[in-house]
Every structure is written in C-alpha cells, then in structure tokens.
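The structure appears right after this line, and notes come after that.
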Amino acid sequence: MKIQFIRESIRKWGRRVFPLLWLIAIPATPVTHAAEGPLILGVFPRLNASDTTKRYAPLAKYLSGRLGRTVNLVTSKDFQSFWRGIDEQDYDIVLYNQYHYIRSSKSYQVIGHNKEFGKSTIAGVLYVRKDSGITKLTQLRGRTVLFGGGEDAMIGYIAPVYMLLQAGLKREDFKSQFAVNPLNSVIGVYRKQADAAGSGDMVRGQPAVANVINFDELTALAVSEQLLHLPWAVKRSMPAHLRESIRSILIDLENSEAGKEVLKAAVITGIGKADDKDYEPHRRMVRAVMGPSLAPQ
C-alpha cells in the first residue's frame with residue numbers, strides 16, 4: 001500500500017510540475033529574438049535611392065517575416081558613402097558588384113548571386129560600329145574606349161580592360177572615357193562619340209538601348225568568359241546558423257508565389273547559391289587590371 005501511495009504521489013507531482021516547466025521554457029525563444037537588433041541590408045547604388053527602395057524594400061520585408069527579425073533596407077546616395085558602409089561593416093547583408101565583393105572578402109562572405117534575365121552569368125564585351133573598320137583589339141591602339149561605369153565596374157570596365165591587356169595593349173595605348181553605365185557606353189559608340197564601348201553581353205535587347213539605337217549597326221569585337229553575376233554577401237562575423245538561414249531564404253524565393261513577387265519587384269529572376277571560389281575568375285581579372293593589392297586572396 002505504501003508503494004502504491006508513493007507512485008500515485010509521484011504522478012500527481014509530475015502533472016503539476018512538468019506543465020509549469022514547459023510554460024517557463026516557452027518564452028525563452030521570443031525573448032532572445034526580441035533582444036537582437038535589426039539586420040541592415042545594403043544595396044549598392046547602381047540605381048537612385050527611390051528606385052533602389054522600390055526594388056528591394058519588398059525583399060527586406062520578406063526576410064523580416066521569414067527570419068522573425070527586423071531587416072532594414074539602407075540606401076546610399078553615391079558609391080563613396082556606400083563603400084564607407086562596407087569599410088565600417090555597417091551592413092549585415094549586402095548586394096554589390098563582383099569587384100566590391102573581392103575587395104571586401106576578408107570582412108564579408110558571399111552566399112548567393114543574382115540571376116538576371118534567366119542567366120546566372122554575364123560577360124564583358126567590347127563593342128564597335130560595324131562601319132568602323134575595326135576588326136581586332138590591337139586596332140584600338142591610340143583610339144578612345146568609352147567604358148560603362150567607373151573603374152570599379154566589373155563588367156563595364158575591368159573585364160574589357162583585361163581583354164585589351166591580354167591582347168598586348170598597355171593602359172597608355174588607348175584613351176579611357178567613362179559613361180554613366182554600360183547602356184550609355186553602347187549608345188555613345190553608336191553615336192560615334194568613341195571608337196569602342198566597354199559593356200556587358202546583356203545590353204542587347206534592353207528597352208533603354210533598343211528604343212534609342214539600331215543595335216544591328218554594332219558588333220562585338222571581343223567577349224570575355226562568362227562570369228558569375230552580382231554577389232550577395234553577409235558579414236563574416238555573422239553566426240553560421242543565421243547565415244545559412246538567409247542563404248536558404250534567398251535561394252528559395254523562386255519556389256513560392258510570394259517569393260516570385262519579391263523577385264519581380266527586384267527585377268531579377270532568382271538568386272543562386274555562391275561560394276568564394278566562384279569568384280576566382282573575377283579575381284584573376286582584377287589582379288591583372290588593378291594590381292594584386294586590390295584582389296586579396
């Protein structure tokens with residue numbers, strides 16, 4: 001009888017205590033998340049602040065919902081202020097060009113890449129007018145090349161200059177001028193404002209170009225190897241579980257209707273997985289064009 005009484009007492013005690021322990025344990029997770037600050041999403045200013053917000057605010061909101069943690073989109077008025085944010089590691093998550101990633105890879109770790117117009121890669125191209133008589137790269141010696149973007153433009157400047165150097169030309173052998181972007185460099189060459197344009201292989205068919213010029217009057221003088229598209233990266237100090245959660249959410253966007261709406265707003269077709277080694281071809285070009293100090297291992 002004593003044994004039966006003890007067993008009944010244990011069962012009654014357990015029914016009271018274990019639910020209490022369960023209730024005490026549950027609040028721990030929300031409290032932990034609430035104590036964490038917002039994540040900062042930075043996007044490089046290839047568009048103005050208004051257009052950048054329009055494209056990427058839905059993504060920040062989507063990430064917030066999936067992570068259970070606020071993600072704030074931060075825009076920059078120019079590349080100088082954007083790069084200052086990279087140097088000071090203000091951004092937890094960042095979208096920028098391939099050269100930016102290579103320069104910041106000691107502080108940031110790549111997790112994904114853009115898919116644009118259904119492609120995961122893009123190539124640098126040197127375009128000339130068909131009636132220019134220019135049929136090989138060495139004929140650009142003493143001529144003017146209009147590059148799309150500044151000297152940190154991977155596709156509009158670094159890849160085209162790399163091809164010129166590979167052909168045996170030196171920097172002083174051609175005159176460098178710069179257009180605002182790769183689209184404008186092609187338009188400039190069409191209008192005979194320069195002899196060649198440094199641009200990308202996706203400009204053909206772009207409405208901003210097709211509605212202004214007859215692309216059939218241009219030809220690709222040289223095309224680089226295909227390079228993985230714009231990278232997404234996170235701070236290397238970010239916990240691994242959070243990094244992998246963000247990577248998984250980005251890659252999975254194209255597999256749900258809500259995710260497809262986010263991609264549509266950003267004017268991209270998907271985000272694929274990427275690792276540091278995928279940007280080694282870009283590093284090779286940067287070393288040749290910019291010097292080894294700007295292409296860290």
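Just so you know, all these numbers are worked out from the coordinates, no wet-lab data involved. As the structure is a prediction and not an experimental result, all values here were calculated from the model. So basically every Cβ, Gly included, is an ideal-geometry build from the backbone, and we count neighbours across all protein chains shown.
With the crude spin-label approximation of a point 7 Å out along Cα→Cβ, what separation in nm comes out for D252 versus R204?
Spacing of the two 7 Å Cα→Cβ label points: 3.9 nm.
Pull out a ≥ b ≥ c, the square roots of the eigenvalues of the alpha-carbon gyration tensor of the range 210-297, then state rounded if a/c is under 1.5, prolate if not and a/b is larger than b/c, and oblate in the remaining case. Write out the running numbers ahead of the final one.
Values: a/c = 3.14, a/b = 1.17, b/c = 2.69.
It is oblate, given that a/c is not under 1.5 and a/b is not larger than b/c.
Give K54/K273; K77/K175; K106/K273 a once-over and call out the pairs whose C-alpha atoms are over 27 Å from each other.
Details: K54/K273 24 Å; K77/K175 29 Å; K106/K273 19 Å.
As for pairs spanning more than 27 Å Cα to Cα, those are K77/K175.
Report, in debye and to the nearest 20, how large the dipole of the chain comes out about its Cα centre when Lys and Arg carry +1 and Asp and Glu carry -1 on their Cβ. Could you put the intermediate results ahead of the total?
On the way: 40 positive and 28 negative charges, 199 e Å.
With Lys and Arg at +1 and Asp and Glu at -1, about 960 debye.
Which of [x] 123; [y] 160; [z] 183 is the computed volume of the Cα convex hull per residue in Å³ for the structure on display?
[y]
Under 16 Å from a label point 7 Å along Cα→Cβ of F117: give me every residue in the range 191-220 with its amide N that close.
In the range 191-220, the label zone of F117 (backbone N under 16 Å from the point 7 Å along Cα→Cβ) covers 198-220.
Could you derive backbone 3J(HN,Hα) for the range 151-159 from the dihedral phi with the Karplus parameters 6.51, -1.76 and 1.60 (θ = phi - 60°), listing whole Hz in sequence and x where the residue is Gly or Pro?
6, 9, 7, 4, 8, x, 10, 4, 5
In what sequence, highest mean first, do 192-200, 256-264, 57-65 appear when ranked by Cβ atoms within 10 angstrom?
Details: 192-200: 24.4, 256-264: 14.6, 57-65: 18.6.
The densest-packed peptide leads the list: 192-200, 57-65, 256-264.
Just going by the charge dipole of the chain, with Lys and Arg at +1 and Asp and Glu at -1 on Cβ, which of F82, N211, A288 is farthest out on the positive end?
Sorting the options by dipole projection puts first F82.
Given only helices, namely DSSP H runs of n ≥ 4 each adding -39500 (n - 2.57), what is the per-residue ellipticity at 222 nm of the chain, to the nearest 500 deg cm²/dmol? Intermediate results must be reported in sequence, preceding the final value.
Values: 11 runs with 121 residues, N = 297.
Calculated from helices alone, the mean residue ellipticity at 222 nm is -12500 deg cm²/dmol.
Need the full-extension length gain, E36 to T53, defined as separation in residues times 0.36 nm minus the C-alpha distance. One decimal, nm.
3.7 nm
Tell me which residues come under 5 Å, amide H to amide H, from K119 once H is placed; ignore anything under 5 positions away on its chain.
Sorted by chain and number, the residues that satisfy this come to none at all.
For V267 and E172, FRET efficiency with R0 = 41 Å and r from the beta-carbon atoms, rounded to 0.05? Please list the in-between numbers first.
On the way: r = 39 Å, r/R0 = 0.94.
The computed FRET efficiency comes out at 0.60.
Quick one: net charge around T144, please, counting Lys, Arg +1 and Asp, Glu -1 for every other residue with C-beta under 14 Å from its C-beta. List each step's numbers first, then the result.
Values: positive: R129, R141, R143, R171, K175, R191, K192; negative: E172, D173, D195.
Summing Lys/Arg as +1 and Asp/Glu as -1 gives +4.
Around R284, under 13 Å between beta carbons, what's the net of Lys plus Arg minus Asp minus Glu among the other residues? If you can, show how the numbers build up before the last one.
Numbers: positive: K277, R283, R287; negative: E225, D278, E280.
Taking every Cβ under 13 Å from that of R284, the sum is 0.
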